[in-house]
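Asks: Sharing a structure below in structure tokens format, with a few things to ask.
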Amino acid sequence: MRSGAKMGVVGGVFAVVAGGVAWGGLNLYNGLTGGEAHNSDPGLVGKAAPRSISTVRTGPLSAAEISSTARQFLAAWASGKDAQQAARLTDAPADAASYIEDFHTAAHVTKAAITPGTPNGSTVPFTVRATVSYDGKSKPWTYSSKLTVVRGRTTGRAEVGWSPTVVHPDLTATTTLVTDKAAAPPVEALDRDGGTLDAARYPSLGPVLDALRARYGKQAGGSPDVTLRVQERDDSADAGQGATPKILLTLSKGRAGRVPTTIDARVQAEAESAVKKYTNASVVAIRPSTGDILAVANNREDGFDAALQGAQAPGSTMKLVTSALLMEKGVAAPDRPMECPPTATYYGRTFHNEDNFSLKQGSTMRDAFAQSCNTAFIKLIDDTKDDAGLSKEAGEVFDIGNNNWTTGVVTFDGKVPAETGGEAAAEYIGQGTVQMNALNMASITATVRAGVFHQPVLVPPSFDHRQIASAQRQLSPSVAQAIVGMMRTTAVSGTAAQAMAGLGGDKGAKTGSAEVDGQAVSNSWFTAFRNDCAATAVVDAGGHGADAAGPLVASVLAADQ
């Protein structure tokens, strides 16, 4: 470009002014169609391009080629008259055309001025100043990007090296620009007392609030935002998979609808604070008498809602279900003797207690439960005469693994596959193929505490009149009372005593340490109740259940008044 050259948009068409002579975006393209010289030496400007050249030009690009190509491309793109015209100035016309077309149509850019900056080698930065208009609303939109000029391998011409980032830095091969009404109106989530729940105050509720908007936005009485955003293309593999679009410009804010929840603000606040003390920690609190979810909190770098959607081995907290099975089968009772040797073998698979501890002869089921003896429970599996009994107990009494919970958001509802042999024995102590999350174990604890299963709910069913799940049968009242009694012993004199020491009221607990392949330190699990509140926490690589997850649960239980 000659010294003093200027560029701008005249009458809606990008124009380049150099040395007092102006070319519109269309004229700049003539060099490709036999008109004025394109991507050539400045001395050819204004002269007819030679028609007899048959060789493909090679070698480094000249500064004139880089400048001329960039100016022509940006002018053609800005004009909005012909996406193909701009695309033919790139090395991938077919791909480029759809993005440039979307810029003007799907993104609803009505005016654009694209100003190139000073080239840095073959890279040319530029600034886009545009106007976005939709449904009678308009807003200015400014951003910067860059392009690189390359020599075409087959044409020998100077061409724009195509990448979606040329149109916008956030674009990828699977995304595009779209301006319209958001898929779902905003929602204002309310706690059980009518207060507002927001991600600023309760950061770990972010995924839950997003899920509430996606599910209830259209029926909560709100109106959607009008936004310009980066989202998955309709033909991409990720289209419709729930990927969150990136908002680039908001033309108008929608009106939020209101969605009630069962969250208790006091308990949620404590849960938020508690999980921050640990890496990769999750906790859920439930009201046993109703199934209301009082708190959901996570502290994870990946943002995954492990509390509601995680799937991990729960360790010895699973002994709540195992105890229910053994007692309903009549092969165990709290005060009956229960042998606890250092190791136990079932179908060739050997299991051990932590540090190979054992309990003295004459110890009872209550002792084995309180001290978390693995072998005592595994030695009774043969007496049930049903290796798959644990899977049935979990599904029939606790509604685990039936995939029918309707909490108001997406949840993983636990999994206890019907196994045989050594794999079935591993499930007895919460290992093997059994999978749970904090929500599942909090629900199991709540079921034992209440004596009956109440499906956990985050959004009251009365709000959307959805059907909630029920268990196939109720836990035997005497068995429920027996498990509650063993949990009380564990909280007072067993493995959970230290973590629960500061809590008053009627309390009970069960600890768990889940071994994970390739992980040197076990995951820490802890589930407990205090009065009419049940809570479960898991801390990845937290060690013993009472070490990390225990204090976390205790602090959450203390917050329920």
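Throughout, read-outs are computed from the coordinates displayed, never taken from laboratory work. Keep in mind the model is a prediction, meaning the values are calculated, not measured. As a convention, Cβ positions derive from the backbone with ideal geometry for all residues, glycine included, and neighbour counts pool all protein chains shown.
Asks: If each residue's Cβ is checked for other Cβ atoms within 10 Å, how do Arg213, Arg233 rank with the fewest at the top?
Replies: Ordered by Cβ neighbours within 10 Å, fewest first: Arg233, Arg213.
Asks: Spelling out what I want: for every residue of segment 516-531, take phi, set θ = phi - 60°, compute 6.51 cos²θ - 1.76 cosθ + 1.60 (Karplus), and round to whole Hz; glycine and proline get x.
Replies: Coupling constants for segment 516-531: 10, 4, x, 10, 5, 10, 5, 6, 8, 10, 7, 10, 7, 10, 9, 6 Hz.
Asks: Assigning unit charges at the beta carbon (Lys, Arg +1; Asp, Glu -1) and nothing else, what dipole magnitude in debye, to the nearest 20, does segment 265-559 show about its Cα centre?
Replies: That gives segment 265-559 a dipole magnitude of about 700 debye.
Asks: In whole angstrom, how far apart do the alpha carbon centroids of segment 129-181 and segment 100-124 sit?
Replies: Their Cα centres are 6 Å away from one another.
Asks: Another question, then. Output the Kirkwood hydrodynamic radius of segment 265-559, Cα pairs only, in Å rounded to one decimal.
Replies: Here the Kirkwood hydrodynamic radius works out to 18.5 Å.
Asks: When a footprinting reagent is the concern and you count Cβ atoms within 10 Å, what order do Thr322, Thr123, Thr536 take, fewest first?
Replies: If I rank by nearby Cβ atoms, fewest first, I get Thr123, Thr322, Thr536.
Asks: On a 28 Å Cα-Cα criterion, which of the cross-link pairs Lys218/Lys277; Lys277/Lys360; Lys385/Lys510; Lys137/Lys246 come out too long?
Replies: Pairs exceeding the cut-off: Lys218/Lys277; Lys277/Lys360.
Asks: Going by the alpha-carbon gyration tensor, a ≥ b ≥ c the square roots of its eigenvalues, is segment 262-314 rounded (a/c under 1.5) or, if a/c is not under 1.5, prolate (a/b greater than b/c) versus oblate?
Replies: Verdict is oblate for segment 262-314.
Asks: Add -39500 (n - 2.57) for each DSSP H run of 4 or more in the chain, then divide by its residues: what number comes out at 222 nm, to the nearest 500 deg cm²/dmol?
Replies: -7500 deg cm²/dmol, from helical runs alone.
Asks: Given axes a ≥ b ≥ c from the Cα gyration tensor, I'd like to know whether segment 384-535 is rounded (a/c under 1.5), prolate (a/b larger than b/c) or oblate.
Replies: Rounded is the answer for segment 384-535, as its axis ratio a/c remains below 1.5.
Asks: Is the shape of segment 104-209 rounded, prolate or oblate, going by the alpha carbon gyration tensor and its root eigenvalues a ≥ b ≥ c, with a/c under 1.5 for rounded and a/b larger than b/c for prolate?
Replies: prolate
Asks: What ranking of Trp405, Trp77, Trp141 emerges when the number of other C-beta atoms within 10 Å of each C-beta is taken as an exposure proxy, fewest first?
Replies: Ranking Trp405, Trp77, Trp141 by Cβ neighbours within 10 Å, fewest first, gives Trp141, Trp405, Trp77.
Asks: If a cysteine in the chain has no other Cys Cβ under 4.7 Å from its own Cβ, put it on the list, ordered by number.
Replies: For the chain, the answer is Cys533, because their Cβ atoms have no other cysteine Cβ under 4.7 Å.
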